[in-house]
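Data first, discussion second: the structure below is written as structure tokens.
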Amino acid sequence: MKSGEPQERSVRVLRVGEQVRHVLSDILMRGDVHDEVLASHLVSITEVRMSPDLRHATVFVKPLLGEDEAVVLKALRTNTAYLQREVASRVKLKYAARLKFLADESFDEGSRIDSLLRDPKVARDLQDGESNSATD
């Protein structure tokens, strides 16, 4: 496979995204950001999606127990310049990635789907479907 083919690039993009995620997690865990909100909340960096050119990083975050999500996002966005400098110094790339912080909604979506599947009507339909396929 030639260097620069899409499959190889996507592996590199994923690897750099993981490196950025680890760096940001480390910064927040150590309390390197001097911000009262970030110091008083545990924040999980659930995923970092890098653009193909590695110049932009979308960072998905979730505060512990989902509390004060808007306040935590505002604090992260306020400290973006500092976080970008730290990431740039620790992850050696040609360009410093611009960070964009978003709330991770995947946990909420998973909980919603789980509650739908536990609904008595859906459970009954699922059981009916299994019994019909067993008779075929």
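The values are calculated or read from the model by the stated rules, or taken from the named source; none is laboratory data. Everything numeric here is computed off the predicted structure, so don't read it as measured data. Positions of Cβ are generated from backbone atoms using ideal geometry, with glycine treated the same way; all protein chains shown enter the neighbour counts.
One table, with the values for the structure above:
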{"quantity": "Of all residues in segment 86-105 being in a helix (DSSP H, G or I) and not charged (D, E, K, R), the one that is surrounded by the most Cβ atoms within 10 Å (Cβ to Cβ)", "calculated": "VAL87"}
{"quantity": "Positions within segment 45-72 being in contact with a strand residue (DSSP E or B) (Cβ under 6 Å, 6 or more places away or on another chain) and assigned to a helix (DSSP H, G or I), in sequence order", "calculated": "GLU69, VAL72"}
{"quantity": "Answer residue from segment 80-132, given it is modelled with pLDDT under 70 and among the hydroxyl-bearing types (Ser, Thr, Tyr) and is nearest to VAL13 (Cα to Cα) among those", "calculated": "SER106"}
